[in-house]
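Structure first, commentary second.
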Amino acid sequence: MTQVLPQAMAHPTGPAAGISPNLAADTSLQLVDSHCHIVFRNFEADLDAVAQRWRDAGVVRLLHACVEPSEIAAIRALADRFPELRYSVGVHPLDTQHWHDQTAQQLRQAALDDPRVVAIGELGLDLFREQNLELQLAVLRPQLDLAFELDLPVIIHCRDAAEAMLQELGQRQAQGRCPRGVMHCWGGTPAEMEGFLALGLYISFSGTVTFAKAEDTPACARQVPADRYLVETDCPFLAPVPRRGKRNEPAYVAAVAERVADLRGESLAAVAAQSTRNAISLFGPAFGSV
C-alpha cells in the first residue's frame with residue numbers, strides 16, 4: 001500500500017517504554033494487537049526491541065495484516081521469527097494495481113500452505129483517497145468469495161465507503177455467502193456500526209479512539225456489545241495519544257485498551273480479557289494457541 005510513513009523519531013528504550021506506568025507495571029494483562037504492520041521498513045533497525053516492548057506490555061498475540069501479495073514471504077518470515085504472530089493474506093483497496101489474473105489463486109495457496117494464516121485481507125473500499133469504486137469492488141469481491149470458500153474471516157478497511165460496503169455485504173448475506181470478519185480501525189458513526197454489527201461483524205478500535213477531536217469513535221466504543229469488539233494499533237500508523245504523529249508499535253495497543261476501558265466504565269483488565277476472547281472467537285483456535 002502506498003502510504004506516507006510516520007517520521008523517523010528517537011525510538012523508545014527500556015521495558016514497555018512509551019506506555020503509561022500503570023500499564024507497564026501490570027504484568028497480568030494479556031492483550032491482542034489484532035491489526036499491525038511491522039514488515040514496514042521503519043521497523044528494520046530495532047524490531048527486536050519493539051518485540052520486547054510488546055511482550056513487556058502483555059501483548060501475547062499479534063495479527064499482521066497483508067496489503068499486497070509481495071509482502072507474504074516477508075510476513076511469513078516474521079511469523080517464523082516471532083511465534084506469537086499470525087497473519088492474513090490479501091490486497092488493500094488502495095493497492096488494486098497488485099491484483100492480477102492469478103492473484104486469487106496466489107492468496108488461496110498462501111492460506112492453505114500455512115495454518116498461521118487466519119484471515120483474508122486487508123481488503124475493502126476506500127473512497128477517501130480514490131474514487132475508483134468499480135475497480136475496488138472488482139478486487140474486493142473475489143477476496144470475499146475466497147474467504148467464504150476457505151471459511152476464514154475477513155479484515156475490512158472501509159473509509160468513506162460505508163454505504164457501498166453495507167450494500168455489498170448485505171447482498172451476500174441475503175445469498176448466504178457473507179464471510180465473518182472485522183471492521184478494522186473503526187472510524188464510522190454509531191448508525192453505521194449498527195449496520196455492520198447486524199451483518200455479524202466485529203468492530204476494532206485503534207489509536208483514533210484516543211484522539212481529542214474524535215466523537216463518533218468513542219461513542220461507538222461505549223455502545224458496541226461486549227462480545228463484538230477488538231483492539232489494534234494499525235502500526236506504524238495512528239499512534240495513540242500522547243504519541244500521536246510518531247511511529248506506532250504493538251505495545252501501544254495497551255493504551256487503546258485503556259481508553260476503551262475508560263469509555264465503557266470498565267477496568268483495563270476486563271477490556272483486555274474481553275477483547276482477547278473476542279479475537280480468539282473471530283480468528284479461531286490457531287489464533288488462540290500461544
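Here is how the numbers come out for the structure above:
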item	result
Alpha carbon centroid spacing (whole Å) that separates the range 252-290 from the range 103-154	25
Between helix 103-113 and the chain: long-axis angle, C-alpha atoms, 0 to 90°, nearest 10	50
Per residue value of the accessible surface for the chain (all protein chains in place, 1.4 Å probe), Å²	41
Max mean-square fluctuation residue, GNM over the chain, Cα-Cα springs under 10 Å, options GLY58, GLY124, GLY265	GLY265
Estimated 222 nm signal from helices in the chain, with DSSP H stretches of n ≥ 4 weighted -39500 (n - 2.57), rounded to 500	-12000 deg cm²/dmol
Convex hull volume of the range 77-236 per residue (C-alpha atoms, cubic angstrom)	130
Charge-dipole axis of the range 179-290 as Lys and Arg at +1 and Asp and Glu at -1 on Cβ define it, positive-most pick from PHE196, ILE280, VAL241	VAL241
Angle between the chain longest axis and helix 268-283 axis [Cα atoms, degrees, rounded to 10]	30
Top of GLN106, GLN131, GLN223 by mean-square fluctuation, Gaussian network on the chain, Cα under 10 Å	GLN131
Reciprocal mean inverse distance between Cα atoms of the chain - Kirkwood radius, Å	18.8
Relative contact order, percent, the range 138-290 [alpha-carbon distance under 8 Å, six or more residues apart]	18
Relative contact order of the chain, pairs being alpha-carbon contacts under 8 Å that are 6 or more residues apart, as %	21
Percent carbon-and-sulfur accessible area, the chain, ignoring ligands, DNA and RNA, probe 1.4 Å	51
log₁₀ of I(q)/I(0) at q = 0.23, 0.24, 0.25, 0.30 Å⁻¹ - the range 36-93, Debye sum with one point per alpha carbon	-0.94, -1.01, -1.08, -1.38
Of SER70, SER34, SER204, the one that fluctuates the most in a GNM where the chain has Cα springs shorter than 10 Å	SER70
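The values are calculated or read from the model by the stated rules, or taken from the named source; none is laboratory data. Because the structure is predicted, anything quoted here is derived from the model rather than measured. Using ideal geometry, Cβ is built from the backbone for each residue, glycine included, and neighbour counts are taken over all protein chains shown. For the accessible areas, the whole protein counts, side chains as well, though only heavy atoms, and no ligand, DNA or RNA atoms are used. Shrake-Rupley method; radii C 1.70, N 1.55, O 1.52, S 1.80 Å.
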